[in-house]
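Just so it is clear, none of the values below were taken in a lab; they were calculated from the coordinates. Computed from a predicted model, the values in this text were never measured in an experiment. Using ideal geometry, Cβ is built from the backbone for each residue, glycine included, and neighbour counts are taken over all protein chains shown.
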Amino acid sequence: MANKNDLQTWLLDALDRNDGKGTIPQLCKLVWEMHRDELEQSGELFYTWQYDIRWAAQELRNQGILKDTKLLPKGVWALARSKQLP
């Protein structure tokens with residue numbers, strides 16, 4: 001069963017699919033499209049995941065993985081570093 005911690009990974013996957021940045025609704029839509037079944041079977045998380053994904057984004061900012069919100073337009077999340085080409 002999915003839990004709150006899974007949202008960090010799912011958010012990173014959504015950012016990867018969206019070229020490293022996106023609005024909160026864009027990214028939540030991607031998470032829903034990729035993980036709908038898991039969310040529907042996640043118990044209480046199903047009712048709180050759109051709130052909890054904001055917690056996940058803050059945790060990723062604390063780790064330096066996402067850019068600080070002060071560096072972005074309101075409602076946009078972005079990876080701190082773009083993907084390195086091999």
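If you go through segment 39-78, how many residues are in contact (Cβ under 8 Å) with a residue 60 or more places away in the chain and either aromatic (Phe, Trp, Tyr) or over 13 Å from Ile24 (Cα atoms) (or both)?
Number satisfying all stated conditions: 1.
Quick one: in segment 1-17, which of the residues that are touching a strand residue (DSSP E or B) at 6+ places or on another chain (Cβ under 9 Å) and among the aliphatic types (A, V, I, L, M) is surrounded by the fewest Cβ atoms within 10 Å (Cβ to Cβ)?
Within segment 1-17, the match that is surrounded by the fewest Cβ atoms within 10 Å (Cβ to Cβ) is Leu12.
Within segment 28-38, does at least one residue satisfy the condition of being touching a residue at least 40 places away in the same chain (Cβ under 8 Å) and either under 10 Å from the mean Cα position of the chain (by Cα) or surrounded by 14 or more Cβ atoms within 10 Å (Cβ to Cβ) (or both)?
No, segment 28-38 has no match at all.
Are any residues in segment 2-21 on the phi > 0 side of the Ramachandran plot and either in contact (Cβ under 8 Å) with a residue 12 or more places away in the chain or in contact with a His (Cβ under 8 Å, 6 or more places away or on another chain) (or both), and if so, which ones?
Gly20
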